[in-house]
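Just below is one structure, and these are the notes that go with it.
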Amino acid sequence: MQVLDPLAKLCAILAGLLLTAITLVTCASMLGRNTIEVTLVGDIELTAFAGGAAVALFMPWCQLRRGNIIVDFFTARVSRRGIALLDRLGALLMAIMFALLAWRGVLGGINAYNTHSTSMMLGMPEWVLYSAMIPPFVLTALIALHQAAFGFGVGDEDHLSAGEERA
């Protein structure tokens, strides 16, 4: 986890920078559109591309911090040991899901590259977006796999926020 943690933080920082940049582009486009009637061509495409890449980049940090929604309605009467086992099983399923997303992303990127698929307004190659999403998906899968194999920390309960308890 010593390597995965800083990589997840780096991904989250990159996602934040990407969202900040696209927010500035959107503001500039809206200001131009509403003041001098000039807009940035392709601003909506850039927003969609950046949003997709940012979501992918936030996933490793989310998995590392166990930021996914946990519905404990069905496990309210399950022992802590049982919950820890179910959490590890959930992490394994998450690892499988993100490995599949990465695999399909590779295939989608290869297809977009081979067919020269581009965005409509800017003509940006779509394979670039795929290639931006694959590394964070792989990292998320590795983090989840590590959590499934080795648990989540001391007593498998370090993911709970201060004062938070499972019902």
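Since every read-out is calculated from the coordinates, none of them should be taken as a lab result. Because the structure is predicted, anything quoted here is derived from the model rather than measured. Every residue, glycine among them, receives a Cβ derived from its backbone with ideal geometry; neighbour counts consider all protein chains shown.
Computed from backbone phi, the HN-Hα couplings of region 56-62 come to 4, 5, 7, 4, x, 5, 4 Hz, rounded to whole numbers (Karplus: 6.51 cos²θ - 1.76 cosθ + 1.60, θ = phi - 60°; Gly and Pro given as x). Phi-derived couplings, Karplus 6.51 cos²θ - 1.76 cosθ + 1.60 at θ = phi - 60°, listed residue by residue for region 5-18: 4, x, 5, 5, 5, 4, 4, 5, 5, 4, 4, x, 5, 5 Hz, with x used for Gly and Pro. What the phi angles of region 121-132 give under the Karplus curve with 6.51, -1.76 and 1.60, with θ = phi - 60°, is a coupling list of 7, 9, x, 6, x, 6, 5, 5, 5, 4, 5, 6 Hz, glycine and proline written as x. What percent does the relative contact order of the chain come to when contacts are Cα pairs within less than 8 Å and at least six residues apart? Relative contact order for the chain comes out at 29 percent. Amide H contacts of T118: E126, each under 5 Å away and 5 or more positions distant or on a separate chain (H built 1.01 Å from N in the peptide plane; Pro and chain starts excluded). Placing unit charges on the Cβ atoms only, positive for Lys and Arg and negative for Asp and Glu, gives region 4-156 a dipole magnitude near 600 debye about its Cα centre. Taking packing as the residue-averaged number of other Cβ atoms within 10 angstrom, the listed peptides 93-102, 12-21, 78-87, 54-63 run from highest to lowest as 54-63, 93-102, 12-21, 78-87. Of the labelled figures (1) 1.09; (2) 0.98; (3) 0.94, only one reflects Rg/Rh (Cα atoms, Kirkwood Rh) as derived from the coordinates, namely (1).
For V78, nonlocal amide neighbours, meaning residues 5 or more places apart or on other chains whose placed amide H falls under 5 Å from its own, do not occur. Going by neighbour counts of Cβ atoms within 10 Å, the residues F74, F49 line up, fewest first, as F74, F49.
Counting Lys and Arg as +1 and Asp and Glu as -1 over every other residue whose Cβ lies under 9 Å from the Cβ of L64, the net charge comes to +2.
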